[in-house]
Every structure is written in C-alpha cells, then in structure tokens.
Amino acid sequence: MKSKHGVASMIGKTRLWIFLFFAGIFFAAATRAAEVPVEIVSAEFGIFDDSNPQEMVFEPTGVVPHKVGQRYGWIIEVRGGKRSLSVREEYLLPAPAQKKADALSDSLNVPVQRRNQVSQRQLVPVDGKIYGEWAVGPNEPAGHRQLQVVVEGQVGALFEFDVR
C-alpha cells in the first residue's frame, strides 16, 4: 500500500510532465506563427546620385556609367518576414577580353578567372525596403552584368544591366 506522500509525489510529477508537454506545444506553435514568409512587393535596379549631400537620389536605369566610384544597386520593397532578412547577392561579371593566342601561352596551364561574386548579409528593412549598393571599381571592365538577389531563400529579383 502506498502512502499519501507517495501518491501526492506521483500526482505532482504527472502534473509537471503534462505542463511541460503543453508548454512545448505552445512554444513550437508560437515559433511557427512568428515565421511569417517575406513577400517581395517590387524591385528596381539603378544608380545612386549623392552629388547633393542633403539627399541620396535613386534613378532607375539599366545602364551604369563606366566611371570609377559610380554607385549603383537595387531597392527591393518587402512585406512581412522577420525584423532582419537574410540576403544573398550573386553577381556575374563579364568575360575577360580575349587575348591573342600564341604557342607559349597555349602550352601554359593558366586557371580561369572567377567570373562571379557572392555576398551574404543580414539586412533590416527601412520603411519596408532593403537596399544593395555597389560601386564601379578602378580596374572593373565594361560589359553586361547579371545580379540575382535572393531574400530569405527565394529569388527576390534578377537584374540584367550594362556598365558602359
């Protein structure tokens, strides 16, 4: 025969297990409810003009002037999602200029230059928008480019533009 103390202890343990079970279910449901998928509302590519120190102007365009320091990039309007969004940019550079072949260079094994760059970062939407910015570098060749922006694992935008 069990004592009253042993039965009370068993009831207490059972209540604890029931509480922990429901607390786990509640926590899992709350975590899922907080994971609202991000919606891409719009996306634009263009150049940034900072000639006026009081404001930054974004001008949508598909052509970036081939001028060192020229700033360009994208603006994506988002809805929902988290406070901070995971953004990956996959930037495809133009092929290097073809050089004339000769017997010596044909006999050398020269590795192919990378033609793509990938950046990964967390961005916090400002007024429902996230921004990506690049600048034309000193040795950057002119040519056609592709830039794919992936937001929270989904393709947010694919931009094709020319630097000339």
Positive minus negative residues near PHE159 (Lys, Arg vs Asp, Glu; Cβ under 12 Å)
-4
Between ALA142 and ASP50, take the C-beta separation as r, use R0 = 25 Å, and let me know the FRET efficiency to the nearest 0.05.
0.70
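Only the coordinates and a few stated rules stand behind these numbers; no lab work does. Only a predicted model underlies this, so the values are computations on that prediction, with no experimental measurement involved. All Cβ positions, even for glycine, are placed from backbone atoms using ideal geometry, and neighbour counts span all protein chains on display.
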